[in-house]
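This report concerns only the one structure given below.
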Amino acid sequence: MNPNQTVPLLEFDPAERAILEPRPVKLTQPAPPRAVLCFFQDVINRLRRKGRLKVIGRLKSEIGPNPLYILEENGQNLLVAHPGVGAPLSAGFLEEIIALGVNRFIAAGGCGVIDHSINAGHPLILTGAVRDEGVSYHYLPPGREVSASPAAVAALQAALKSAGMPYTLAKAWTTDGIYRETVNRRATRLAEGCQVVEMEAAAFFAVAQFRGVTFGELVYGGDLVVPEGWDSRAWHKRADDRERIFWLAVQACLHL
């Protein structure tokens, strides 16, 4: 490659408007200003069966409709939605929800663990992420890291302290390549302070900064990604942990 050529991903354009802009979908009632983006479809399904979630609209993609729900908790309404999986889809759904007028977000999810000291199920509040994905470079100038919204981090800390729940403030390694988490890349991320690996946080935080909204994320320790070998630690079967993380996210979001 010509050394004078820029890598396309680093050609940041600060233009405020794009050719295609997110448009609000039709809703049966106005969206509340706060939203919990829940990666746990099992939790969403349980809440829906219990009658706690009311569908008010749907986002769309080639994988099918993605419902938007209202959850009433402590006399307040929250929007609840699954954000999709992977940075591009999650960022697109986030954009479309922001277009509805929502401006305060907490995401609830899981993560891979690259630090042996993080136990399966342990709650982690993400304070920032290393940008080893592509989406964030379309929203912010090139850089290694992007931060969560301080107000959202504070709200999450308050919620976990109120619940008496031990937690860790953590930096995430956000990557697009789930099968390219090599020994050397893991060592580099550990050296720069990452403890967990996942696929969306850097994109979420970058979109939030670009759009001027508040965004935080709470995750729990999942599979172990270490040189000795990958260990699923049955992370996706931790029903109690997933439910707990969701409701902690709800409590934090209510106080944003």
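The values are calculated or read from the model by the stated rules, or taken from the named source; none is laboratory data. Here the structure is a predicted model, which is why all the values come from computation and not from measurement. Here the Cβ positions follow ideal geometry from the backbone for every residue, glycine too, while neighbour counts run over all protein chains shown. Surface accessibility is based on the protein's heavy atoms, side chains included, excluding ligands, DNA and RNA. Shrake-Rupley method; radii C 1.70, N 1.55, O 1.52, S 1.80 Å.
Structure values in brief
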| item | result |
| --- | --- |
| Trypsin sites (Lys or Arg not before Pro) restricted to region 109-202 and DSSP loop, no more than 16 other C-beta within 10 Å | Arg144, Arg180 |
| Solvent-accessible area per residue for the chain (1.4 angstrom probe, square angstrom) | 48 Å² |
| Tail beyond 15 Å, pair distance distribution of region 73-166 (Cα, percent) | 72 percent |
| Region 126-256 - convex hull of alpha carbons, volume per residue in Å³ | 109 Å³ |
| Only Lys, Arg (+1) and Asp, Glu (-1) charged, at Cβ; region 171-227 dipole about Cα centre in debye | 160 debye |
| Net length gained if the chain between Ser162 and Asn45 were fully extended (0.36 nm per residue, minus Cα distance) | 39.4 nm |
| Size of electric dipole in region 91-187: Cβ of Lys, Arg +1 and of Asp, Glu -1, about Cα centre, debye, nearest 20 | 260 debye |
| Computed E for Asp13/Ser147 - FRET, C-beta separation, R0 22 angstrom, nearest 0.05 | 0.50 |
| Value of [θ]222 nm, deg cm²/dmol, for the chain, DSSP H segments ≥ 4, -39500 (n - 2.57) each, nearest 500 | -8500 deg cm²/dmol |
| Distance (nanometres) between label positions extended 7 Å along Cα→Cβ at Trp230 and Asn74 | 3.9 nm |
| Average projection area in nm² (convex hull over Cα atoms of the chain, one quarter of hull surface) | 14.8 nm² |
| Antiparallel bridge percentage (DSSP; both residues within the chain; nearest 5) | 45 percent |
| 5 angstrom amide H check on Cys38, placed H, neighbours 5+ away | Ala81, His82, Ala108 |
| Exposure rule at most 12 other beta-carbon atoms within 10 Å, DSSP loop GluC sites (Glu not before Pro): the chain longest free segment | 63-191 |
| Accessible area in the full protein assembly, largest first, 1.4 Å probe, for His82, His236, His255 | His255, His236, His82 |
